[in-house]
Structures are given as structure tokens and as C-alpha cells.
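What follows is one structure encoded as C-alpha cells, with my remarks underneath.
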């Protein structure tokens, strides 16, 4: 069974540029998460989807971050414009059930210069 | 919302010794407590989990204990090996709202 796939793995951009990350969850997993992981820190929730509905986006900085999950499968996380402080790893995870295991992708490492 | 605290932030042990990592959580409604291991450049991977109706769970060299009254849970690794070196995260889940601790960097010295 294929795992959670994220792309790109690495992205280097200059500040004020836009960037987008893509996530393909494990087939059949209804719940999809985007987490932000700063160096030396634990994952922090940005947004959680149940199917195509964003059920928790309270931690998403909506002035510059946006996300979508069309058709309840793949998801895209966008930052526009990027700031220096956005440099981090963006992790996508999916889960098959409530209060169940999260399966993580390898992450997308963003460096903003 | 849920708040998870984890300590220590770093832990160094000699190969063969035991390692213990502790976490506390704030939301009494949380009912699922997983532990993840993250190696450099990879995403976190589940190593063991426990649900709120169980006090202890063991899988070979790894065990987790849960005290719901005190709202804390611990990871125990026995007979540590160099390949156990990684960052470990605890988490607490309430109805799909999964929150993580800040992580513990474990180093096992050969």
C-alpha cells in the first residue's frame, strides 16, 4: 500500500514569492491534516479536513495561507506571499478513522530567503 | 484546546539502558495517545499507542503507561540500541484533533 505522498520535498524561494505544497493521502483515508514543524519542535496543526470539509482551520494564518481538498482526496497548501518565518517543514498526514493512527508523509521543507 | 507537554527535551543513555519519556495533557476528553518516532529527514512514524480504556501496553522493548486521573502518559524503552536514537513525540487525540508534544531527542551511545 502506498503511503502519504508529498511534493515537492524541498523548496527554496525568496520572500514575498508564492509557494504551493501538494499531498496525496492513503487511499480511503477520509481525514487529512496539514502540520507545520519548526526545527526542534513538534508538529503544529494548521488545518484538518474530513473528506472535503475543513473542520478545523483555527490555526491557519488566513491572511497568507490557504488550503483546499478537492473531491476529498488530494490537498494543496498555499502560501502567498511567503515570509522568512515560514521556513519550516510542512507535514501532511491522513487517518482512516476517528481517534486513529495518523500516517505522515515525508514532509516538504521550505526555505524562504 | 488540547495542550501536550513533554519532557525531557533531550535524553542520552548508554546502550542497553532504559529510557523513559513523559507527557502530560490538558483535555480530559482525549482518548487516544500515540507515540511517534521521527528520524532525520523523515515524517513521524507510529511506534506504539494506547487508548483511554487501557492502563498499560507493551510491544517487545517498548511500553506505554497511561494515568487518566493524573492526565499523564509515559514511554518506556528497555535494552536501548543505537538505532533507537531519534526524536520521539507524544500526542493526545480527542475526536481526530491530534496535538503533539515538543519532542524528545534520544541519543543511545554504543
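Quick note: the coordinates plus some simple rules give every number you see, no bench work behind them. What you see is a predicted model; the values in this text were computed from it and never measured. Cβ coordinates were reconstructed from backbone atoms using ideal geometry, including for glycine residues, and neighbour counts include every protein chain displayed.
Residue-level check: of (1) crowded, with 16+ Cβ neighbours inside 10 Å; (2) within 23 Å of residue B:109 (Cβ to Cβ); (3) more than 11 Å from chain A (Cβ to nearest Cβ), residue B:24 misses just (2).
The condition (being in contact (Cβ under 8 Å) with a residue 40 or more places away in the chain, more than 27 Å from residue A:91 (Cα to Cα), in contact with a strand residue (DSSP E or B) (Cβ under 6 Å, 6 or more places away or on another chain) and in a strand (DSSP E or B)) is satisfied by just one residue among B:20, B:13: B:13. Which condition breaks for residue A:90 when tested against (1) closer than 23 Å to residue B:41 by Cα; (2) without any contact (Cβ under 8 Å) to a residue 24 or more places away in the chain? Evaluating residue A:90 over (1) closer than 23 Å to residue B:41 by Cα; (2) without any contact (Cβ under 8 Å) to a residue 24 or more places away in the chain leaves (2) as the failure.
Quick one: in region B:31-45, of everything that is over 22 Å from residue A:39 (Cβ atoms) and within 8 Å of chain A (Cβ to nearest Cβ), which residue is surrounded by the most Cβ atoms within 10 Å (Cβ to Cβ)? That would be B:34. Scanning region A:4-17 for residues that are surrounded by fewer than 17 Cβ atoms within 10 Å (Cβ to Cβ) and over 15 Å from the mean Cα position of the chain (by Cα) returns A:12, A:14, A:15, A:16, A:17.
Of all residues in region A:90-102, those being at the interface with another protein chain (Cβ under 9 Å from one of its Cβ atoms) and either within 13 Å of the chain's Cα centre (by Cα) or surrounded by fewer than 20 Cβ atoms within 10 Å (Cβ to Cβ) (or both) number 8. Counted as qualifying within region B:56-110 are the strands (runs of 3 or more DSSP E) with 2 or more residues that are within 14 Å of chain A (Cβ to nearest Cβ) and crowded, with 23+ Cβ neighbours inside 10 Å, namely B:86-94, B:97-100. Just one of the listed residues (A:84, A:77, A:39, A:113) is buried (at least 16 other Cβ atoms within 10 Å of the Cβ) and in contact (Cβ under 8 Å) with a residue 12 or more places away in the chain, and it is A:77.
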